[in-house]
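The values are calculated or read from the model by the stated rules, or taken from the named source; none is laboratory data. The structure displayed is predicted, hence computed values, not measured ones. A quick note on method: Cβ atoms are made from the backbone with ideal geometry, for glycine too, and the neighbour counts reach across all protein chains shown. All accessible areas refer to the heavy atoms of the entire protein, side chains included, with ligands and DNA or RNA removed. Shrake-Rupley method; radii C 1.70, N 1.55, O 1.52, S 1.80 Å.
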Amino acid sequence: MFESVKIRRQCMLDFYSHYEHLCAVQGSVPLKAVKANLGQGALDLTVDRIKAADWAPLLNAIWHNKTLTSIGIRSFHHQGLGDSGVERYKTYFRRKIPPIRSKDLTVQLCKAVKGCLSISDVLKNLELQGLLLRERDLIILTKGLATASSLESVSLAHCPIGDGGLETICQSVKNSATIRYVNFTGCSLTWRGAEHIANVLKHQAMKRHSEAWAESLRYRRPDLDYMTGLRRVTFNCNMLVGDRGASAFADCLGEDLWLKALDLQQCGISNEGARSLLDALQTNTTLVVLDIRKNPLIDHVVMRNIIERVLMNGNSANSEFKWLMSPSSKDALKTRPKKRTIVLGSGRKGKATIRIGLPSKKTVNSGKKPTSVKDSYSPKPLPPGTKGFLPWRTAERAKRCRGGPVDSTEELPVKIQTGIPVKVTVESACTSETEETEDLSIIHDVIHHPDLAKSLDKINATKYHQLQLDLEECMGKLKEEQRARVKAEEQIMELEVENARLRNLNISLSETLRAQSVTNMILEDEGVLGSIENSFQKFHAFLDLLKDAG
């Protein structure tokens, strides 16, 4: 056996050894990030800073891998994330485009993943986040998913594949016997993508209904939890899904017995789509997570009703399907705090700009004291000798003596003169954080709030009492039915006796009629014979007359 083939076969059983061997052959240094999570059998990389020359040994090692249980390739590079204007273009030209954004490298990556999926028996999790996957890449990836024998979770979060790319991926997910979780967060999907996923769920439901029927033969009880098919679908951050996509999901959820979790955060759903989902929950008793938070067009009452109905389907605290409490958008792509500008007055003396900064709830302190509203306000210093001039040492001492944090609701020590245009810029907290806290408060109130927990217990107690009353009522109706049945059976016996008597009477009457008919026939026969005899007598008399006449 060739030495290279022997080394390759040995290295297939150890990913990092194979990777080091390939780096030594190429003459490059192995990346430290590759070894970070290999102790747990996982390859988790942020690939924005990996050079093009370092990709060849890594992709070759992935292609021939048989030991990794999880592969995660993430990219957080997005162009034009700065503010509008010159600053945006400065940021754009300052940042280099990583090699992972090129067509050739994404094709090689998808081929490597395809090769790994075709030979690996232990790979369970595949996550490609923020990659620019084109149609050719998705076709290669679909072929790899079709040959996977152990893959359970597929995530293409923040990969702009669109509805056409999702349709390509669904061709392999539809017939997969192992894939249970799919994540299409922020994939530029619309209601057509929701219909593609709904068609996959319907197709799998038909197959599993036939399997359940086959397993229910000979008085067996089918185990629905161990059947193949999707268990969780994550569709967050696709704003064009809307009510039409929610209705498509509701149509397949009404009779589905297998899907456990459906995440629809930030999908542009309004009350109409939420009500269709609530109607589907009237017949669906297996769904334990239906996350429609961060949809501002849904009333809190409708959202609370949906969450309470889902929590009643099962004990979500003990379920393996948890609510996604973390924000669905990427932390690295958080936008800057939004600013609101108000211009007052119209004059010719210039503009006065006031910046009011509202501290966010999640701030990172880098060893500095938190600045208040007064500290953040710094008016333009006056030149010495003018009225109101204050030396900077005196100003600092006055500021220290003032002390104490200032509430954001206090007024600023600025006098606005009439006739001077004033520009007020308000820096508000990040909207994603506020929306997150509002949406999480609903789940927190429903799950952790003691009053709501007591209300749920009261609802369960009232339902139990109502069921007991219904049971007693049904038992009373059953006793009445039994008494009525006994009376009916007695009447049936009486009618059977009467019927037997009438049958005997009918038989006797029929025998009498038969006897009368026989006698009538005899009498009729005698009359015929008499008429024949008379006719013969007449004939003989005629013959005698002829004889006498000669």
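Quick notes on this one:
- Of the criteria (1) surrounded by 10 or more Cβ atoms within 10 Å (Cβ to Cβ); (2) modelled with pLDDT under 90, which one Leu505 fails: (2)
- Residue within the range 222-234 that is modelled with pLDDT of 95 or more and among the hydrophobic types (A, V, I, L, M, F, W, C) present: yes
- Of the residues Gly165, Gly193, Gly186, the single one that is buried (at least 21 other Cβ atoms within 10 Å of the Cβ), assigned by the TED database to the domain that holds Val233 and part of a loop (DSSP other than H, G, I, E, B) is Gly186.
- Test for Ala52: is it at pLDDT 90 or above and either within 26 Å of Asp137 (Cβ to Cβ) or not assigned by the TED database to the domain that holds Asn125 (or both): yes
- Residues in the range 17-37 that are assigned to a helix (DSSP H, G or I) and open to solvent by 40 Å² or more (accessible area, probe 1.4 Å): 9 in all.
- The range 285-318 - residue that is closer than 19 Å to Asp243 by Cα and in a loop (DSSP other than H, G, I, E, B) and, of those, nearest to the chain's Cα centre (by Cα): Ile292
- A residue that is at pLDDT 90 or above, more than 29 Å from the chain's Cα centre (by Cα) and either loosely packed, with under 12 Cβ neighbours inside 10 Å or not assigned by the TED database to the domain that holds Ser155 (or both) occurs somewhere in the range 104-119.
- Members of the range 94-153 that are among the basic types (Lys, Arg), assigned to a helix (DSSP H, G or I) and touching a residue at least 40 places away in the same chain (Cβ under 8 Å): Lys111
- Here Phe76 meets each of (1) at pLDDT 90 or above; (2) in contact with a strand residue (DSSP E or B) (Cβ under 6 Å, 6 or more places away or on another chain) with one exception, condition (2).
- Counted residues, the range 126-146 - those being among the charged types (D, E, K, R) and surrounded by 20 or more Cβ atoms within 10 Å (Cβ to Cβ): 1
- Whichever residue in the range 234-282 is without any contact (Cβ under 8 Å) to a residue 60 or more places away in the chain and part of a strand (DSSP E or B) and, among such residues, is most open to solvent (accessible area, probe 1.4 Å): Leu240
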